[in-house]
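Note sheet for the following structure.
The values are calculated or read from the model by the stated rules, or taken from the named source; none is laboratory data. Computed from a prediction, not measured in an experiment: that's the story for all the values here. Cβ atoms come from the backbone with ideal geometry, glycine included; neighbour counts cover every protein chain shown. Please note that ligands, DNA and RNA were not included when accessible areas were found on the heavy atoms of the full protein model with its side chains. Shrake-Rupley method; radii C 1.70, N 1.55, O 1.52, S 1.80 Å.
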Amino acid sequence: MTGVSFDPVIAIQKILVSFLMGFLIGLERERRGAKRFMIAGVRTFPLVSVSGTVVYIISEEISNYMLIIIGLLFSIALAILIAYIHYSMGVPGLTTSTIAFSTFLVGILVGMGQIAVAAVITVVTVLLGLERSLFKSIAENISQSELIEALEFIVIALIIYPLLPSGKIYGLIDLQWYVYIIIVISILSFMSFIAMRVLGVRGGSIISALLGGLVNSEATTLSLATRLGADPSLKRTLIAGVLVTNTTMLLRNVIIAMFSIRGVNEYIGHYFGIILPTIMTSLVISCYYVTKTMGEKARAIRIEIESPLGLKNAIKFSLIFLVLYVLTALVVSRFREAIYVLAIGGVVSGAAVISSIALMSASGLLDLKTAVIVSSLATILSYADKIFYVNPAGRELIKAVSKTVLIGIAPSLIVLIYYSFIL
């Protein structure tokens, strides 16, 4: 007795996909084993993943899923055997044995037709096994307090957030959407924060600036000015760093706008079209200064930025975001003619202004053109405020940075004027 109609073509496709995923995992293990000791590689792991797929296909065909349980027990036994052999040979770690079990799960998922999920697990598995030193470096660069903050954030994102009531409170704010935006921005910032901690010192000030712009562009600029401004010979590095920070900040704002409305629409297209000239200009000028600094002595610095998941920073951003959102909602509903004043909020938090405006536009409470103009103005002000944050660098460097910042915003300002008064 069969459960569903058997299609040999689909079964063969699943087996081939499973083989490919297992082969990728085995390839990484083979590469790792070539440097020390290998017990399972490009032959074992494809067999494990294909076994998972075949087990599921057969179980579905005979409508008896006991075979899957037997397969899972076998994969656990295999993982234990690999761990024992490694232990007896004096090879530390349980990575290979754990990967063997997850490879069998990948095979089962492929058999179920969950190719995308299986692919994600495969990529994560390969990345985790690929470079142990990278994850060791992450562990060494993250303090205990920052780890606790990350765990607290996970509780908020995965436990508290789903329990929040949907719909607007007092017809003004959607609490679930409010927390969702904070979660998205925090995740983006924290990933960059970790990367900056790990790569910043080795990669130098430009890498730190690149990642810092995704976390907090103002704090990054201030840190660059404080640490590089004391040395006149690092003038070009400081200018390049500020421009790179601003460029990544602009890209982050676009990402935040897309997540705010959970997609791409006409508003995103117009907004991105206006700030794109500044992105391109910043890239060209920063590349010029980076090229000029190649002959200089490398200077690696560690930019001091507090974890974006820290309670103080989270509360601060949440309050700023809430105030700007409520102000936006009130102005839109009662004082629409004063809507452009909200662009000043870009000096405080461009992300908060853009998230609020994006949602207002998507929900039809604010017309497209007005939403694009306010968002663009807030972004330009957020770009230009770096002039004030380079103050510790001294008068001469302030002038140099101010000149490049103004050149950077000029193209988008021209496009914005054209968009506002001519189109």
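For a modelled paramagnetic label at L319, 7 Å from Cα along Cα-to-Cβ, the residues of the range 340-366 in reach, with backbone nitrogen under 17 Å, are 348-349, 352.
Per residue, the accessible area of the range 40-83 comes to 51 Å², computed with a 1.4 Å probe over protein heavy atoms only.
Measuring against 24 Å, Cα to Cα, the residue pairs K235/K386; K292/K403; K316/K369; K235/K403; K292/K399; K235/K316 contain K316/K369; K235/K316 as the ones spanning a longer distance. Within the full protein context, the accessible area of V341 is estimated at about 90 Å² for a probe radius of 1.4 Å.
Summarising the label geometry, the points placed 7 Å from Cα in the beta-carbon direction at R334 and L20 lie 5.9 nm from one another. In the full protein context, the range 372-423 carries 48 Å² of accessible surface per residue, based on a 1.4 Å probe and ignoring ligands, DNA and RNA. Using a simple spin-label model with pseudo-atoms 7 Å out from Cα toward Cβ, L147 and L365 lie 4.2 nm apart. Residues K14, K235, K316, ordered by accessible area of protein heavy atoms at a 1.4 angstrom probe radius and largest first, appear as K316, K235, K14.
Distance between the pseudo-spin-label points of L164 and L67 (7 Å out from Cα toward the beta carbon): 4.7 nm.
Given a 1.4 Å probe and heavy atoms of the protein chains only, how would you sort E28, E61, largest accessible area at the top?
Numbers: E28 10, E61 45 Å².
Ranked list, largest accessible area first: E61, E28.
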